[in-house]
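Readers should treat all values here as calculations from the given coordinates under stated rules, not as data from a laboratory. Predicted, not measured: the structure shown is a model, and the values here were computed from it. Neighbour counts run over all protein chains shown; Cβ positions are idealised from the backbone, glycine included.
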Amino acid sequence: TLSAAAALFTLGACQGKAADVSKEDAYAQLKSALTTTVETNELSVSVRGNFTSRTPVSDESDGSAASLSSEENKGTIDISLQMKTDEERKITAQSAWIKLLDENDGSGLILESYYKDKNAYSYSNFIQESYSYAADQAPDTFDPSDIGIEDFSASVDKVLEVVPEAKATLEDGEYKLVWNVNNDNLNQYIEAYLWVNSENTPATEEQVKEQASEIAKDITVGGDTSLTVKIKESTITSISVVFDVTYQGSRIKGEGAFEMSVKNVTITYPEGRLEEIKQKAEAER
């Protein structure tokens with residue numbers, strides 16, 4: 001009885017605790033998640049974040065020598081996509097928006113697109129405001145298999161080869177990989193970016209290192225800069241980033257999070273928004 005109780009106690013103590021995993025195991029999970037097309041008829045993706053930027057400006061209004069001050073801007077990022085399709089990849093329901101807004105006055109870019117009961121609704125304030133509504137609209141097709149996996153797989157291999165090793169753990173079936181960025185390893189992350197951005201990448205590794213060093217001269221990284229990726233059942237469930245970067249005197253600081261689900265997705269629509277778009281679209285005709 002005592003042995004059984006001790007075993008149960010040990011098992012309970014281990015549950016819910018993150019265990020370290022090897023680099024090879026963690027990177028295999030990451031590459032599989034990045035390069036494998038998930039077969040699903042439902043998808044939910046969201047990106048939420050906020051940032052503060054400070055840019056130096058010269059003040060010569062008093063007629064004296066220019067004094068240096070800073071201009072501060074705060075913004076929010078809100079991107080959402082919820083979607084369901086039938087067996088032929090035809091979209092049956094969709095709720096999507098992109099909102100890049102100034103935190104102070106709410107101004108900024110807004111794009112919205114909804115599909116419900118075969119009716120399509122959309123709004124955009126890009127250049128000018130426009131509303132659109134179409135009844136009995138033919139559905140669009142969504143097919144994630146169009147992504148070029150082979151080229152992307154090669155990029156993943158190169159990035160994982162160049163960047164510093166991630167801190168990798170496993171808890172309740174979920175892998176967690178954390179990359180911390182600092183001024184000592186910044187060059188490696190810039191090199192990884194250059195390899196992914198292949199159109200502007202020099203021909204040799206030595207040239208890439210030289211270009212990365214040249215770029216890094218103008219960048220200073222704050223203490224809280226990191227990237228965290230979580231993977232469960234061979235699917236990336238979330239990516240979060242915290243950043244504090246100064247470039248040529250301008251500083252941007254903030255955080256953002258990406259979350260994705262391919263199961264048990266419920267389509268939600270902003271209350272009253274679809275009817276509002278419909279009425280304004282019909283009034284513009």
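Give me the dipole magnitude in Debye, nearest 20, for the range 89-138 about the Cα centre, with unit charges on the beta carbon: positive for Lys and Arg, negative for Asp and Glu.
For this selection, approximately 460 debye.
Hey, can you grab everything whose amide H is under 5 Å from the amide H of Gly222? Only 5+ residues off in sequence or another chain; H modelled, so Pro and N-termini drop out.
Amide H neighbours of Gly222, under 5 Å, 5+ apart: Asp244, Val245, Thr246.
Measuring from label point to label point, each 7 Å out along Cα→Cβ, what is the Glu129 to Val245 span in nm?
The answer from the label model is 3.5 nm.
Can you tell me the Rg and Dmax of the range 73-145, counting just the alpha carbons, in angstroms?
Radius of gyration, then largest Cα-Cα span, for the range 73-145: 14.5, 46 Å.
What distance in nm lies between label points placed 7 Å from Cα along the C-beta direction at Lys31 and Val57?
With each label placed 7 Å out from Cα toward Cβ, I get 4.9 nm.
Hey, which of these cross-link pairs are over 18 Å Cα-Cα: Lys230/Lys253; Lys116/Lys278; Lys31/Lys263; Lys74/Lys253; Lys84/Lys232; Lys84/Lys176?
Lys230/Lys253; Lys31/Lys263; Lys84/Lys232; Lys84/Lys176
Amide H to amide H under 5 Å from Glu103: which residues, 5+ apart in sequence or cross-chain, H placed 1.01 Å off N in plane?
Lys74, Gly75, Thr76
FRET efficiency for Lys90 and Ser69, Cβ-Cβ distance as r, R0 = 51 Å, nearest 0.05?
Once the sixth-power term is evaluated, E becomes 0.40.
List the aspartates and glutamates whose Cα lies under 20 Å from the Cα of Lys118, skipping any in the same chain that are fewer than 8 positions away.
Reachable aspartates and glutamates: Glu42, Asp86, Glu87, Glu88, Asp136, Asp140, Asp143, Glu271, Glu275, Glu276, Glu282.
So if each residue of separation counts as 0.36 nm, and I subtract the Cα-Cα distance between Asn41 and Glu210, what length gain in nm does that give?
Full-extension gain reported as 56.3 nm.
With a point put 7 Å past each Cα toward its Cβ, work out how far Asp184 is from Lys23 in nm, to one decimal.
Result for the modelled spin labels: 1.6 nm.
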